[in-house]
Amino acid sequence: MNKRDGFLAIIACIILVVLASGCIGSSNISKSNNDTKNFTFNNVSFSYPANWDVSVSNDDTGPIIVVSKDYYTQIQIMITPNYGMSEEGVLKEKNLTIYPGWKKLLSDTLILNNQTAYRTLFRSNDIIYLFKDMRHEEIVFVKNNNTITILTTAPSENYNNEKQSFETILDSIHVQ
């Protein structure tokens, strides 16, 4: 065996060891941001990034759907009965709500689920998120005697990077 054959044999052995160890394989390739899953609960449905998780809890006011990438990056969808309160009454109540330590950045409207929704963007730095600089987007609309409140949350430094994931959910949300 000459030096070249020995060198090729060593390279071939190294490649075999790497492949056999599982360091290279399709399971180690991260999921594309285009991979989505679908979720339906209590007349609410949407698509969400496949690498995020969904959980549902109930409190005194109704169900809360949480779609999260991690502790800091999430969307909460809250469905609250408005007991016949008009949309104007719901919006007045929303505008009177104070979130201690949150600073309002802007308010506007958007079309969500084929109707007008009211959006407010906040910035915060409180103990819940370990004093991390956070961005929150609160979106509210009324449908079928329920107030739907959607709250997106992400660290300010990552907010723009997470917009595509948030938009995947918001663009696909459907409330019956």
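Right, THR109: closer than 24 Å to SER172 by Cβ, surrounded by 18 or more Cβ atoms within 10 Å (Cβ to Cβ) and not charged (D, E, K, R) or not? Answer is no for this residue.
Where residues in the range 117-168 are of a type in the set (Asp, Glu) and in a helix (DSSP H, G or I), which of them is farthest from PHE46 (Cα to Cα)? Top of the filtered list is GLU157.
Evaluating ALA117 against the criteria (1) surrounded by 15 or more Cβ atoms within 10 Å (Cβ to Cβ); (2) under 16 Å from the mean Cα position of the chain (by Cα) leaves one unmet condition, (2).
Restricting attention to the range 63-79, does a residue exist that is crowded, with 16+ Cβ neighbours inside 10 Å and over 23 Å from THR168 (Cα atoms)? The answer is no; no qualifying residue exists.
Residue check: ASN95 meets all listed conditions (1) part of a strand (DSSP E or B); (2) out of contact with any strand residue (DSSP E or B) (no Cβ under 6 Å at 6 or more places or on another chain) but one, namely (1). For VAL17, the requirement of being at pLDDT below 90, surrounded by fewer than 11 Cβ atoms within 10 Å (Cβ to Cβ) and more than 24 Å from LEU130 (Cβ to Cβ) is met.
The values are calculated or read from the model by the stated rules, or taken from the named source; none is laboratory data. Treat the numbers as computed from the prediction; the structure is a model and nothing was measured. Quick reminder, even Gly has a Cβ in these numbers, built from the backbone with ideal geometry, and neighbours come from all protein chains shown.
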